[in-house]
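One structure is given here, and the rest of the page talks about it.
The values are calculated or read from the model by the stated rules, or taken from the named source; none is laboratory data. Fair warning: this is a prediction, and the values are worked out from it, not measured in the lab. Every residue, glycine as well, gets a Cβ built from its backbone with ideal geometry; the counts of neighbours run over all protein chains shown. Remember, those area values only see protein heavy atoms, side chains included, never the ligands or the DNA or RNA. Shrake-Rupley method; radii C 1.70, N 1.55, O 1.52, S 1.80 Å.
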Amino acid sequence: MTPQENAELLAALMRQEELLKQLVAAINKPKLGLHSEAGSCKIYCNRQHGGLWYKLNGEPSDIPKTALTGYLKELRFENTERRKKESCKLLITVQADRTYILESGYDTHFSKCILAAIATLTPEQLYSPITLQPQPGTTDENVLFCRVWVESELVMASYNEETNWREVSKQAIAVTKAAAEMAF
């Protein structure tokens, strides 16, 4: 390369770096003005109200979208009371256009699919956005599974009655935590 070509290439790379910085800054800015997206959005992952998942705005509201893509920020279990009974829920925090918190029973197929898939990944893989895609069971109207995609790759992870869910959960939580601690 000639000195002129080197200088042009360096100038182009510097422009790209500046554009990238501007893009990252724009993504990280909060929305200004009036909007309906303050705080987080809690999504309940079950088929109780006719869809695959829903949110509560006083009344259950079906979410017609068939997938959620974003950065997995946290997996955690929480004991809560539902219908006057103590129950344990898996809470999945995904950062996208806003923060989404997905809630599912700790022992549902939806939760097991996510935990099994995430446990097979590396923190570097979770550094990319993931897509969660609820899938209805075919033989039981109450069953809801979840496909997990990293970029355009479906994460294949199986489980059965012998699966040690305590260990799978620990691994999934550890991978998620390690990915969240990586510097951008």
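To the nearest ten degrees, helix 109-119 and the longest principal axis of the Cα atoms of the chain are 40 degrees apart. Taking a quarter of the surface of the Cα convex hull of the chain gives a mean projected area of 15.0 nm². Residues whose amide H falls under 5 Å from that of LYS42, counting only those 5 or more places apart or on a different chain, are ILE101, with hydrogens built in the peptide plane. Of all lysines in the structure, the ones whose alpha carbon falls short of 29 Å from that of LYS65, not counting any fewer than 8 places away in one chain, are LYS29, LYS31, LYS42, LYS55, LYS73, LYS89, LYS112, LYS177. Mind telling me which of ARG98, ARG82, ARG15 comes out most flexible in a GNM of the chain, alpha-carbon contacts under 10 Å? Of ARG98, ARG82, ARG15, the most mobile in the Gaussian network model is ARG15.
Here the accessible area is traced with a 1.4 Å probe on the protein chains. For segment 107-184, carbon and sulfur cover 50 percent of it.
Among the cysteines of the chain, those with no neighbouring cysteine Cβ under 4.7 Å are CYS41, CYS45, CYS88. Cα axis of helix 165-180 to longest principal axis of the chain: angle in degrees, 0 to 90, nearest 10? Long axis of 165-180 versus the principal axis of the chain: about 30 degrees. In order along segment 158-163, phi translates into HN-Hα couplings of 9, 8, 8, 5, 8, 4 Hz, rounded to whole numbers, per the Karplus curve 6.51 cos²θ - 1.76 cosθ + 1.60 with θ = phi - 60° and x for Gly and Pro. Accessible surface for the chain, divided over its residues, is 67 Å² per residue with a 1.4 Å probe. Taking the Cα atoms only, what angle lies between the long axis of helix 3-28 and the longest principal axis of the chain, rounded to 10 degrees? Taking the Cα atoms of the chain, the angle to 3-28 is about 30 degrees. Segment 103-153 and segment 51-73 have Cα centres lying 14 Å from one another.
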